Amino acid sequence: MSSKKEFDIVIAGGGLVGLSLAAVLGKADFQVAVLEARQADFDWPQGSIDLRVYAITRASQALFADAGVWPAVQAKAAPFREMRVWDAGGSGDIHFDSAELGEPYLGHILESRVIEKALLDVVADLPGVNLFCPARIKAFEEQADRQQVELQDGRLLAAKLLVGADGKDSLVRGYAGIHARASDYGQQALVAVISTQYPHEETAWQRFLPSGPLAFLPLTDGRCSIVWSADSDEARRLMELDDAGFCAALGEAFDYRLGKVLDCGERLLFPLRRQYAERYVVPRLALVGDASHVVHPLAGQGVNLGLKDVRELSDTLLQARQKQRDIGSLSVLRRYERARKGDNMATMLVMDGFKHLFGSRVAPLCWARNLGLNLVDAAPPLKNQIMRAAMGL
Ligand SMILES: Cc1cc2nc3c(=O)[nH]c(=O)nc-3n(C[C@H](O)[C@H](O)[C@H](O)COP(=O)(O)OP(=O)(O)OC[C@H]3O[C@@H](n4cnc5c(N)ncnc54)[C@H](O)[C@@H]3O)c2cc1C
């Protein structure tokens, strides 16, 4: 029998959300174990860009600063000062400009692997954080004042709290018997890095097409990362086009706002679903990030919501420790659930609403959404409120 290692918190899943939580808790002198199944490969070719990029809000930037990773990623973060959103099915057009709020930018576009590497470097330097990688959970069991966690290689860990940060197919959620309600959007998101004829103007662009939203996100090297959500058949058709055919289709779908699309690299598809866990906490267990909620990527909010979970859960645990309360007790964990469930659910419903509203070809709805976009564009107080929400402020 292997000897059991004791921690305050075991985090299953070392994606961006799990690693951020480990960094924040490690900095607060908690004893933390992170279990990650996948060994990251950071040996990427010079000049290449990760196909996974994220629009990071100001709130997430603040969390990265607290976690100690912002200085390492800042130079590779592409700020976007403006956002332009328009409707392919009419004249609706809205323009957000950070200058109207007296702010230098609305957010940043960052490569997933750049953040992940910076987070791994930070946690490697924190004496209280132990990374187990590659490692997978085999089972866990609540025992009096502990959660006992068994790894697939037979190692045993114990902690006052187990956190499931293991993504949308969370094994921890399933083992804990927490039901997740999921529905398939019937859409896939095609991602690629592309070059355009005209500069991106440090602007995040989004055109709502009847088949789904198409976003162009500005990168530091002048190229754009695109997220093109489309019905699954259409997405597969786009994947099968040769590069020239794809660039032509993309330029047209984007209304040539940045001129022609000159070239594109590798393309990847992500199936899209919405999903929410019925509970975020049970005694000695909490879920964070995609393990508890999955939203449509049309507003780039998934990781940002997960990082808000991190902020709330870490604050909850710090406060409980200060008051000498048990960090795994349900009464402590409920505070976290109460604070996050409503916000995550509201965001999911808004994303759903946008998807259905802009996917509709029904004439009165098309008219109403175009009018709505133009009205909001002409109403600075409302527009400023939307901008602040999009910045996570
Ligand atoms: C096309 C697309 C574009 C997106 N764009 C944005 C955007 O611009 N902004 C934004 O905020 N969000 C965006 N998102 C959403 C974002 O990708 C997710 O919300 C985010 O990756 C969730 O992070 P996570 O750490 O919770 O989960 P994951 O990234 O899924 O990480 C989970 C980790 O757990 C590990 N794991 C899983 N099972 C086990 C196990 N049994 N044992 C140990 N480890 C395990 C996995 O290897 C993984 O590393 C986008 C999503 C898509 C599909």
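Per-structure values
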item: Residue that is nearest to residue 345 (Cα to Cα), among those in the stretch 290-300 that are open to solvent by less than 20 Å² (accessible area, probe 1.4 Å) and at pLDDT 95 or above; result: 293
item: Any hit, the stretch 273-283, residues being within 14 Å of residue 163 (Cα to Cα) and part of a helix (DSSP H, G or I); result: no
item: Checklist (1) under 30 Å from residue 176 (Cβ atoms); (2) open to solvent by 10 Å² or more (accessible area, probe 1.4 Å) applied to residue 287, failing item; result: (2)
item: Residue list for the stretch 141-155, restricted to those being surrounded by 13 or more Cβ atoms within 10 Å (Cβ to Cβ) and touching a residue at least 40 places away in the same chain (Cβ under 8 Å); result: 142, 146, 147, 148, 149, 151, 155
item: Residues located in the stretch 259-284, provided they are surrounded by fewer than 22 Cβ atoms within 10 Å (Cβ to Cβ) and more than 16 Å from the ligand (Cβ to nearest atom); result: 259, 260, 262, 263, 278, 279, 282, 283
item: In the stretch 112-151, the residues that are polar (S, T, N, Q) and modelled with pLDDT under 95; result: 143
item: Selection status of residue 295, closer than 28 Å to residue 88 by Cβ and either of a type in the set (Lys, Arg) or in contact (Cβ under 8 Å) with a residue 12 or more places away in the chain (or both); result: yes
item: Of all residues in the stretch 204-238 being among the hydroxyl-bearing types (Ser, Thr, Tyr) and crowded, with 22+ Cβ neighbours inside 10 Å, the one that is farthest from residue 53 (Cα to Cα); result: 229
item: Of the criteria (1) of a type outside the set (Gly, Ala, Ser); (2) modelled with pLDDT of 95 or more; (3) open to solvent by 50 Å² or more (accessible area, probe 1.4 Å), which one residue 193 fails; result: (3)
item: The stretch 148-174: number of residues that are part of a helix (DSSP H, G or I) and acidic (Asp, Glu); result: 0
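Residues checked against (1) open to solvent by 20 Å² or more (accessible area, probe 1.4 Å); (2) hydroxyl-bearing (Ser, Thr, Tyr); (3) within 23 Å of the chain's Cα centre (by Cα); (4) at positive phi:
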site: 40; (1), (2), (3), (4): yes, no, yes, no
site: 46; (1), (2), (3), (4): yes, no, no, no
site: 49; (1), (2), (3), (4): yes, no, yes, no
site: 56; (1), (2), (3), (4): no, no, yes, no
site: 85; (1), (2), (3), (4): yes, no, yes, no
site: 111; (1), (2), (3), (4): yes, no, yes, no
site: 115; (1), (2), (3), (4): no, no, yes, no
site: 139; (1), (2), (3), (4): yes, no, no, no
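The values are calculated or read from the model by the stated rules, or taken from the named source; none is laboratory data. Remember, predicted model here, so these are calculated numbers, not experimental data. A quick note on method: Cβ atoms are made from the backbone with ideal geometry, for glycine too, and the neighbour counts reach across all protein chains shown. All accessible areas refer to the heavy atoms of the entire protein, side chains included, with ligands and DNA or RNA removed. Shrake-Rupley method; radii C 1.70, N 1.55, O 1.52, S 1.80 Å.
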